[in-house]
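Only one structure is covered here, and it is reproduced in the block below.
The values are calculated or read from the model by the stated rules, or taken from the named source; none is laboratory data. This structure is a prediction, so every number in the text was calculated from the model and none was measured. Here the Cβ positions follow ideal geometry from the backbone for every residue, glycine too, while neighbour counts run over all protein chains shown.
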Amino acid sequence: MQYTLAGTIEAILTLCKPLNSESANRRRADIEWTVSEVVEHLAIVERATLVGLKRTLSQSPADPEKLKATEGKSEIISNRVGVAVNRIQAPAVAQPGGKFGPWPAPLNQLVETRQKLMEFEATDAPGFDTHLMDHPVLGPMTVRQWLQFIAAHTNRHLIQIESLLASG
């Protein structure tokens, strides 16, 4: 499945824009994030990713041998990342903690950051396929694969948000 930055942010907005503070912060179980926390997590990840990708493009291209480590990653991202099958523990730096303030501030931050990511993607810089940045689980990925990952990662959390909202 191919996910897009524009398509997944539109889906997030469709689900989240009508929410008020109470519905965005309703906790289904002690171990699960609220909708607001999921959206905050996405905003944190995307903000850090954008900074990292810009820094990555300012460095030298990867050695061709290192680029081999990215072969097949696009398929993994397309087929596995966008589906919420197994729960994955987010690194501490990507966990929500009220960083952007009360609802709808996390949603506003996500929309702002996503707009910047889409502008960055539109540049389609020459280094998108030759510069690498490590992912904590997937290892080295090209800039293009990171953009693909962000869209798939959002879809994974869309499934989570739909489940949270369906449970009332």
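Residue-level analysis places residue 69 outside the set of residues that are part of a loop (DSSP other than H, G, I, E, B) and either touching a strand residue (DSSP E or B) at 6+ places or on another chain (Cβ under 8 Å) or of a type in the set (A, V, I, L, M) (or both). In the range 47-59, the residues that are touching a residue at least 60 places away in the same chain (Cβ under 8 Å) reach residues that are of a type in the set (Lys, Arg) and assigned to a helix (DSSP H, G or I) with C-beta atoms within less than 7 angstrom, at least six apart or across chains, in these pairs: 50/116. Considering (1) exposed (fewer than 14 other Cβ atoms within 10 Å of the Cβ); (2) more than 17 Å from residue 150 (Cα to Cα); (3) in contact with a Pro (Cβ under 7 Å, 6 or more places away or on another chain); (4) not aliphatic (A, V, I, L, M), the lone condition that residue 127 does not fulfil carries the number (1). Among the criteria (1) exposed (fewer than 13 other Cβ atoms within 10 Å of the Cβ); (2) aliphatic (A, V, I, L, M); (3) more than 22 Å from residue 144 (Cα to Cα), the one residue 24 does not fulfil is (1). Taking the criterion of being without any contact (Cβ under 8 Å) to a residue 60 or more places away in the chain, surrounded by 11 or more Cβ atoms within 10 Å (Cβ to Cβ) and not in a loop (DSSP other than H, G, I, E, B), the residues of the range 80-97 that qualify are 80, 94.
For the residues 120, 149, 100, the requirement of being touching a residue at least 24 places away in the same chain (Cβ under 8 Å), of a type in the set (Phe, Trp, Tyr) and not in a helix (DSSP H, G or I) singles out 100. Here 150, 77 are screened, and the one residue that is modelled with pLDDT under 95 and crowded, with 16+ Cβ neighbours inside 10 Å is 77.
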